Structures are given as structure tokens and as C-alpha cells.
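*Asks:* Here it is, the structure, as C-alpha cells.
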Amino acid sequence: MWRAARSGRAACGRAGLRLPSSFMAQVTVYTALVCPFCVRAKRLLDHKGVPYEEVDVSSDAALRDKMVEDSGRRTVPQIFIDGSPIGGYQELQILENNGDLDSLLGLA
């Protein structure tokens, strides 16, 4: 299984092999303050060692409008993998439980 290393590159936990981070998917997480599902989504990505861009839409109507336009949803978190909306925390967890998340993230 691949995980993000502090160097910004992916590393294999057992063999110590390294892949450029460009092989990993680009992840964007739209969040808001005081959002327990946002915390859970970020915790799952952190646990997997996946770097992500966090966009706080709490006080920025333009960013929230962009999130809604891109995802079709108003709730947070909204998670995008390589620009494709996958939904919120529950959808992220379902992908993880089904074993599909690693391949989407470029970890498999």
C-alpha cells in the first residue's frame, strides 16, 4: 500500500520504494468551520497519507458558489479527486470500505 511521505513523494510502507507525488491523485476538500464530517474526511485522507487542498467555504460566498456549481451539492464536505466530485464524507467512507478509494487516489 502506498502512503504519502513527508517529502511530498509517495512511499511504499514495507519496501521503502518511492514514487513521485505526480502519480497520486489531486484531492480537493471543500470544508466549513465546525463541520464534524469535514474533520472525518480529512482524518481519513490524513490516515492514508494523501495530500489534499482544503478550501474553507465558511465565509466566502464565491467559493461556496463554485463548490455548488462543480459538485451540484450545497453541503460540506465536498471532495474532488482529480477534478471529479465524489460526494461527501459518507461517499468517501463507502469507497474506502469497498476497496475502491486507493485506486482512485493512485495508491493501488
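No lab work stands behind these numbers, since they all come straight from the coordinates. From a predicted model like this one, the values you see are computed outputs, not experimental measurements. Here Cβ is always computed from backbone atoms with ideal geometry, including for glycine, and neighbour counts include all displayed protein chains.
*Asks:* May I ask for log10 I(q)/I(0) of the stretch 23-105 at q = 0.15, 0.20, 0.21 Å⁻¹, from a Debye sum over the Cα atoms as equal point scatterers with solvent left out?
*Replies:* -0.47, -0.84, -0.93
*Asks:* Quick one: if you stick a label point 7 Å off each Cα along the C-beta vector at Arg74 and Ala32, how many nm between them?
*Replies:* 0.9 nm
*Asks:* Applying the Karplus parametrisation 6.51 cos²θ - 1.76 cosθ + 1.60 with θ = phi - 60° to the phi angles of the stretch 85-94, what ³J(HN,Hα) value in whole Hz is obtained for each residue in order, glycine and proline being reported as x?
*Replies:* x, 10, x, x, 4, 4, 5, 4, 5, 4
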